[in-house]
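Derivation of every value follows stated rules applied to the coordinates shown; laboratory data play no part. All figures in this text were calculated on a predicted structure; none of them were measured in a lab. When we count neighbours, we look across all protein chains shown, and the Cβ atoms used for this are built from the backbone with ideal geometry, even at glycine.
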Amino acid sequence: MNEAAIGIFDSGMGGLTVMRALLDRLPNENFVYLGDTARLPYGTKSGETVLRYARQAADALIERDVKLLVIACNTASAYALGALQIAIPSIPVVGVIEPGAEAACAAAPNGRIAVIATEGTVNGGAYLRAIRQRNPRASIIQKACPLFVPMAEEGLTDGGIAAAVTQHYLAPLKSAAPDCLVLGCTHFPVLKNTIRDVIGSEIAIVDSAATTARAVKATLESKSLARNGLAPGERKFLVTDALERFVRVGQVFLDAAIDPAAVELIDLH
């Protein structure tokens with residue numbers, strides 16, 4: 001299993017920010033990424049629908065013999081992590097919420113934490129539970145930012161539109177003076193510069209991608225699943241729609257060019 005790939009899935013391209021962090025920390029591992037671009041966003045779907053989609057994505061990656069599964073989507077982590085861990089006992093399954101909550105508590109010495117996420121993640125309350133497990137006295141404010149996902153997917157990450165929408169969402173959070181702001185959706189890091197301009201320099205920004213990468217590395221080591229050797233790993237991509245657009249826009253999230261020959265169009269069922 002050491003030579004097998006790490007599987008990653010997301011509703012679209014946002015999970016590529018997690019893959020970028022994984023590539024930085026684990027450059028010699030093989031990766032296969034699945035973006036369910038035909039059905040994004042997950043954040044506006046019901047929990048039952050998200051769970052069904054997550055199971056289908058996981059099945060597609062398991063068919064490719066992955067050794068570890070990363071749910072690189074906060075909404076899917078909120079609704080499907082526990083179910084997938086039970087349904088797939090043969091391989092580790094890692095979500096992004098637990099590592100993000102850990103990082104948030106470390107970045108909030110006064111326990112004041114703001115979370116921005118999709119409607120599904122906010123309504124599911126997964127960050128509230130994960131943070132309070134670590135700090136029961138934490139003061140947590142959440143805000144759904146549903147327009148951030150389509151803005152990120154369309155490349156509207158800076159400029160007047162991005163600034164106006166970000167100001168609309170984050171002004172109430174800034175006035176609450178939190179210690180940190182958790183980017184509770186893997187699409188949101190590409191908006192980090194605009195978010196920083198709006199909230200100022202005194203509020204720490206927590207991106208769960210880096211902490212998820214640390215969790216994945218620790219899991220590989222604890223289970224003796226790390227790839228042997230020093231050769232760079234392979235990168236493969238699966239998408240359910242709009243292959244050409246994924247190649248073009250996905251490089252913004254991955255911060256690297258995506259080889260069209262490495263991208264395959266698939267159906268989930």
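Things to note:
- Estimated FRET transfer efficiency (residue 161, residue 267; beta-carbon r; R0 25 Å; 0.05): 0.15
- Placing R0 at 51 angstrom, the Cβ-Cβ distance between residue 231 and residue 175 gives a FRET efficiency of 0.50 after rounding to 0.05.
- Estimated [θ] at 222 nm from DSSP helical runs (n ≥ 4, -39500 (n - 2.57)) normalised by residues in the chain, nearest 500: -14000 deg cm²/dmol
- Between amide H atoms placed 1.01 Å from N, distances below 5 Å from residue 147 occur with no residue 5 or more places distant or on a separate chain.
- DSSP loop trypsin sites (Lys or Arg not before Pro) with at most 15 other Cβ within 10 Å: longest gap in the chain: 138-222
- For segment 97-208, fraction of C-alpha pairs farther apart than 16 Å, in %: 53
- Overall Cα dimensions of segment 177-262, principal axis frame, Å, largest first: 45, 38, 22
- Modelled this way, with points 7 Å down the Cα-to-C-beta line, the labels at residue 256 and residue 217 are 1.5 nm from one another.
- The count of lysine pairs in the chain that are at least 8 places apart or cross chains, and whose C-alpha atoms lie under 22 Å apart, stands at 8.
- Viscosity 0.890 mPa s, temperature 25 °C, Stokes-Einstein D of the chain from Kirkwood C-alpha radius, µm²/s: 133
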